[in-house]
Amino acid sequence: MPRNIIILGGGTAGWMAANLFVKQWPADKVRVTLIESPDIGIVGVGEGSTPTLKRFFEMLAIPEREWMPRCNATYKLNIRFEDWSPESGLKSYSHPFTSQVDTFTHGPFTRNCHSRRLGLNVHTRPDDFFLNGLLAAERKGPQRPDSFPFVIEYGYHFDSGLLGEYLSEVAVDRGATHVQARIVEARTDESGALTTLVADDGVEHAADFFVDCTGFASVLMGKTLGVGFKSFADNLFNDSAVVMPTPREGTLPAETVAYAMQCGWRWKIPLTHRFGNGYVYSSDFISHDDAEAEFRASLGMLDSDTEARRLRMRVGQLEQHWHRNCLGLGLSQGFIEPLEATALHLVQISIELFMTLYEKGQFSDEHARTYNEKIDARFERVRDYIVAHYKLNTRDDTDYWKANRANMTLSNSLRHILDVWYRRGDLNQEIQRQKIESHFGTASWHCLLAGYGAFPPLAGEQPEGRDLYEKQSVRDFLAGCSLNFAAHEDNLAALDTGS
């Protein structure tokens, strides 16, 4: 008999799982049903992704021309951080997605960073060493001609509500069952495993395995199975957000911008029809009303009638992501603020690992412990990278930024990374020693640390010819590469024409 899997809750996470399940397992092996309440709508904020989402659509054989126009999507090459570290001497720095061609410039960048840690006056601005950084600055897109023989990595910006709707259509068309019902009870057997979901009309929905995609409510994992939650509030202070769209303006950039604010940060995400904006902040340092006022003022919308929606966030992760015959996914499994657009990345990694281990264990929970250890580590290492953004800030304008800089609640992994950096050691070697290359690699850590200007004062005597940016003509090399790329707007127009 085939196994039955019920996904409770829709949204992007639920429908990503449904699509990957029906892709992985034929209907005579696994039957997939997604149940969602008709009363709960999808919050359609502008959202960004990492290049992992590109692989998701490639796995499903869905071309960009089919889904991107439907979801008002644009390309994303870069994340630019504005005003996070005034003492760096840079008003902004970028964290570009790295591509094949960057193998030629990654070495000069990391070696320049080491020279700068020794006190030498060399070029270390991250975006100047990676092709996507230059393309984003020139407002070009990632689509390359066949004559340019290097793979370009990129992510997307999209309307999350529209993406959920699109993925639901694909999943149902490919074999998933979609049920709209208000679930009022979740039943378990004598061992504590889930057996049945009961709707308000009395209909019972039984399954062998359940996936909890009910958001922060965590109906199955938290409320029914009693799985504990590990809060990250001790070093990630932000617990609230206010979001509001603004009209499209000018040519569309191919990057997300994260602006430092008084008690948090503000994102600006370009969609084809508008910009998505949100202010992520800590309610311990600013009231909700004052945060909204600051947010509106920063957008030039102080007197606008446009509604701003307020959100509360539960930052942390489940103590177990797979418990008995239930998997937490999306917001129900955990949440780390979207500073590096890791939300869907974590969802996709979680689904893929689950499918591998569930099948390896003959559709049992034999490998649940291995799964929990790996996903827990994923969340912790993403947490470290986000915490570093706050720990390394050099702002002195509010108590919020001072408290973040003074916070010493750091993991051993993060402590070792910072220790190696400040002691002028080999950061790449340390990342390999910790076996964390698959989380954030050496390029990402160098971008963050160099972008924040985490360097000692310059030495008194400066030897000549040590700047590899100039010596190896990095600027000219990347400028020549960028000649192969068209404007971002042209890339988007080609999607509409199907060319």
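The values are calculated or read from the model by the stated rules, or taken from the named source; none is laboratory data. Model, not experiment: these values are computed from the prediction. Heads up, the Cβs are rebuilt from the backbone with ideal geometry, glycines too, and the neighbour counts pull from every protein chain shown. What goes into the accessible areas is simple: the full protein's heavy atoms, side chains included, and nothing from ligands, DNA or RNA. Shrake-Rupley method; radii C 1.70, N 1.55, O 1.52, S 1.80 Å.
Here the contact order of segment 326-376, divided by its residue count and restricted to Cα pairs under 8 Å and six or more residues apart, works out to 25 percent. Checking every one of the trypsin sites (Lys or Arg not before Pro) in segment 233-273 against DSSP loop status and a limit of 15 other Cβ atoms within 10 Å picks out Arg248. Here the chain carries DSSP beta bridges of which approximately 70% are antiparallel, counting only pairs with both residues inside. The ratio of the alpha-carbon radius of gyration of segment 220-339 to the globular-protein estimate 2.2 N^0.38 Å is 1.25. Note on segment 46-144: with neighbouring protein chains present and a 1.4 Å probe, carbon and sulfur make up 46 percent of its accessible heavy-atom surface. Taking a ≥ b ≥ c as the square roots of the eigenvalues of the Cα gyration tensor, segment 324-448 is prolate, since a/c reaches 1.5 or more and a/b is larger than b/c. What the chain shows is 41 Å² of accessible area per residue, with the surface traced by a 1.4 Å probe over protein heavy atoms. Projecting the alpha carbon convex hull of segment 18-157 along each direction and taking the average yields 13.2 nm².
Legend: distances between Cα atoms for Lys360/Lys435; Lys54/Lys268; Lys91/Lys268; Lys91/Lys435; pairs beyond 27 Å are Lys91/Lys435.
Enclosing the Cα atoms of segment 110-237 in their convex hull gives a volume equal to 277 cubic angstrom per residue. Pairs of Cα atoms nearer than 8 Å and 6+ residues apart set the relative contact order; for the chain it is 24 percent.
Of the trypsin sites (Lys or Arg not before Pro) found in segment 70-137, the ones in coil according to DSSP and having at most 14 other Cβ atoms within 10 Å of their Cβ are Lys91. Taking the helices alone, the chain has a mean residue ellipticity at 222 nm of -10500 deg cm²/dmol, built from -39,500 (n - 2.57) per DSSP H run of at least 4 residues and averaged over all its residues.
In a DSSP loop and with at most 15 other Cβ atoms within 10 Å, the GluC sites (Glu not before Pro) in segment 402-481 are Glu437, Glu461, Glu464. Pairs of C-alpha atoms in segment 189-276 farther apart than 15 Å represent 75 percent of all such pairs.
One way to sum up the overall shape of the chain is the equivalent ellipsoid from its Cα gyration tensor, whose semi-axes run 39, 25, 24 Å, largest first. Between Tyr422, Ala206, Phe232, the Cα set farthest toward the positive side of the dipole of the chain (charges on each charged residue's Cβ, about the Cα centre) is that of Tyr422.
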